[in-house]
Amino acid sequence: MFASVLLDMPPSTNRMWRKGPFGMHASAEYKAWKSAAAVEVMASRRGQKFDHPVEVIVIIKRAHKLRDLDNNIKPILDALQLGQVIDDDNQVHRLHARWAFESDLPSLNNRDVRVEIRSA
């Protein structure tokens, strides 16, 4: 099995959570991105759902040099779960993430992130 989805740039994990008067809560930016990304995931999965270990490959267009690659991963995995392509991100047994090369840009189709999910 194989699934692929193109997404907009997620908020960094540094901006996913905010402290409020009653403790920590998801930021409005993160909630909005995750909801929109889940819709994209649901539309692209074509009924596929992985209920076993998976490998996830993430290719990200580098917006600026100060952003850390690893701060993009958690929101993307959360969107895969909310979009029902995986049950839980603990199913990810292998993860490969990298910045996009110039040759990757056409496959991103003017989006920021390409995610591929396959059986591990």
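The values are calculated or read from the model by the stated rules, or taken from the named source; none is laboratory data. Because the structure is predicted, anything quoted here is derived from the model rather than measured. Please note: Cβ atoms are built from the backbone with ideal geometry, for glycine as well, and neighbour counts cover all protein chains shown. The accessibility values were calculated without ligands, DNA or RNA, using every heavy atom of the protein model including side chains. Shrake-Rupley method; radii C 1.70, N 1.55, O 1.52, S 1.80 Å.
Key figures for this structure:
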item	result
Selection from the range 80-100 of residues that are in contact with a Leu (Cβ under 7 Å, 6 or more places away or on another chain) and within 14 Å of Ser44 (Cβ to Cβ)	Ile86
Flag for Lys49 being of a type outside the set (Ser, Thr, Tyr) and farther than 19 Å from Ser12 by Cα	yes
Index of the failed condition, Ser103 passing every other in (1) out of contact with any Leu (no Cβ under 8 Å at 6 or more places or on another chain); (2) over 14 Å from Met9 (Cβ atoms); (3) modelled with pLDDT of 90 or more; (4) not in a strand (DSSP E or B)	(3)
Residue ranges of strands (runs of 3 or more DSSP E) in the range 1-98 with at least 2 members exposed (fewer than 15 other Cβ atoms within 10 Å of the Cβ)	2-7, 17-20, 23-26
Residue under evaluation Val113, criteria (1) open to solvent by 50 Å² or more (accessible area, probe 1.4 Å); (2) closer than 13 Å to Leu6 by Cα, criterion not met	(1)
So Lys65, is it in contact (Cβ under 8 Å) with a residue 40 or more places away in the chain, out of contact with any strand residue (DSSP E or B) (no Cβ under 6 Å at 6 or more places or on another chain) and of a type in the set (Lys, Arg)	no
